[in-house]
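In what follows, a structure is listed as structure tokens, so that the remarks can point back to it.
Derivation of every value follows stated rules applied to the coordinates shown; laboratory data play no part. Keep in mind that this is a model prediction, so the values were computed, not measured. Here the Cβ positions follow ideal geometry from the backbone for every residue, glycine too, while neighbour counts run over all protein chains shown.
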Amino acid sequence: MKPAHLIEEIEWQFAQGQSSHTAMTVAGYKHEQTLARWLRRHNRPDLAIRFEENN
């Protein structure tokens, strides 16, 4: 999945009230920290923090 599509999917999951774990799974990641790092590399610290808060 392209970065823009992945970010849109994560935003949509949160807009639907899904948990960070569900958003992470739908995005195809197994670890919240890995997804948080990926989001930070793609200039989305606002989304990354939601995955870091659970650790």
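Sequence gap at least 6, Cα distance under 8 Å: using those rules, report the relative contact order of the chain to the nearest whole percent.
Working: 42 pairs, mean separation 15.2, N = 55.
The value is 28 percent.
Helix-only mean residue ellipticity at 222 nm, the chain, DSSP H runs n ≥ 4 weighted -39,500 (n - 2.57), per residue, nearest 500. What is it?
-20500 deg cm²/dmol
What shape does the chain take by its C-alpha gyration tensor, where a ≥ b ≥ c are the square roots of the eigenvalues and a/c under 1.5 counts as rounded, a/b above b/c as prolate, and the rest as oblate?
Cα axes put the chain in the rounded bin.
First select every other residue whose beta carbon is under 13 angstrom from the beta carbon of R40; then total the charges, Lys and Arg +1, Asp and Glu -1. Don't skip to the answer; put the middle values down first.
Numbers: positive: R37, R41, R44, R50; negative: E32, D46, E52.
Taking every Cβ under 13 Å from that of R40, the sum is +1.
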